[in-house]
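> This structure is in C-alpha cells; I'll ask about it shortly.
Nothing in this text is a laboratory measurement; each read-out follows from the coordinates by a stated rule. No experiment lies behind these values; they were computed from the predicted model shown. Note that we place each Cβ from the backbone using ideal geometry, even for glycine, and neighbour counts take in every protein chain shown.
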Amino acid sequence: MAPIPHCVVFCDFDGTITEEETFVAMLKQFTPALSAKLMPEMYARKLTLREGVRQLLESIPSKCYEDFIPYAEPKKMRSGFPEFLAFLADRNVPFVLVSGGVRIVVETVIGDLAPQMAGIYAVDLDTSGEMLKPITPYEDGNELVAKVKVMGEYPCEQAIAIGDSITDLNMALHAPLVFARDRLALYLDESEKTYVPWHDFHDIRTYLERYWAEDDPD
Ligand SMILES: [Mg+2]
C-alpha cells in the first residue's frame with residue numbers, strides 16, 4: 001500500500017453525508033414558532049448559532065425525543081459514502097464525523113456504518129427534564145459544536161475537511177486539503193482558500209486515490 005502522510009478526514013453530516021439538510025428542517029418541525037422567530041435572526045447574524053440553536057433545542061419537550069428517530073429514518077445518504085469509508089479503512093485513514101446537529105439523528109441515518117468511524121461528534125441531548133437540554137462539550141465562540149476544537153483531538157500531518165456550508169468554514173480554513181460543495185465553496189472563494197469541488201463521495205474517493213498515488217515512490 002502506498003505510504004501516505006498521516007491524515008485524518010473530518011466530515012460534516014447535514015447536506016454533506018446526507019443529501020438534504022436535516023437539522024434546520026427538524027427544528028422547524030419540532031419548534032415551528034420559535035424557529036420562525038429566531039432563524040431569520042441567526043441568518044442575519046444578529047443571533048449566534050450557539051445561542052439560537054440552544055434556545056431552539058431547549059424549547060422542545062423531552063417527550064419529543066423519541067420522534068426524532070422516525071424523523072431521521074427516511075433521510076438518505078449521499079452516493080458513495082459506504083464505499084468511501086471502506087476505501088479509507090483500507091488505507092488506515094481515520095474518519096471523524098463532526099455535526100452541529102443532534103446525535104440521535106446522525107446515528108439513525110448512518111446506522112451500522114458507525115463502528116467504522118474513529119469518532120462521531122454531535123449535540124447530545126439530556127431528556128431527564130421537561131424540555132431537552134443540549135450537552136455540548138465542544139461549544140466555543142459562536143458555535144455549539146466548534147469543529148476546529150474537535151480537530152484538535154486528532155493531531156495529524158494532514159487534516160482533510162469535507163463540507164457544504166458556513167458551519168464548515170472554520171474547519172475548512174484549518175485543513176490543508178478541503179472538499180467543498182454548495183455554499184462552502186462560495187465562502188472559500190471569498191476567503192481565497194483553495195478547495196476541491198465535489199458532488200458525491202465517489203468524486204472524493206477518486207481524487208484521493210490519485211492524490212495518494214502521487215506520493216507513492218513505486
Ligand atoms: Mg452541512
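> Give the residue from Ile110, Ile17, Phe87 lying farthest towards the positive end of the charge dipole for the stretch 1-148; charges sit on Cβ (+1 for Lys and Arg, -1 for Asp and Glu) and the dipole is referred to the Cα centre.
Ile17
> Which number gives the lysine pairs in the chain that have C-alpha atoms under 17 Å apart and are eight or more places apart or on different chains? Could the numbers behind the result be given before it?
Details: Lys28/Lys37; Lys28/Lys63; Lys28/Lys75; Lys37/Lys46; Lys63/Lys133.
Going through the chain pair by pair, I get 5.
> Just for the chain, what percent of DSSP beta bridges are antiparallel, to the closest 5?
On the way: 6 of 24 bridges.
Roughly 25 percent of the beta bridges in the chain run antiparallel, per DSSP.
> Continuing with this model, one more query. Rank Met171, Gln158, Val123 by how far each Cα sits towards the positive end of the charge dipole of the chain (+1 on Lys, Arg Cβ; -1 on Asp, Glu Cβ) and give me just the farthest.
Val123
> Another question, then. In debye, nearest 20: dipole of the stretch 7-214 around its Cα centre with unit charges on the Cβ of K, R (+) and D, E (-)?
Taking the Cα centre of the stretch 7-214 as origin, the dipole is about 340 debye.
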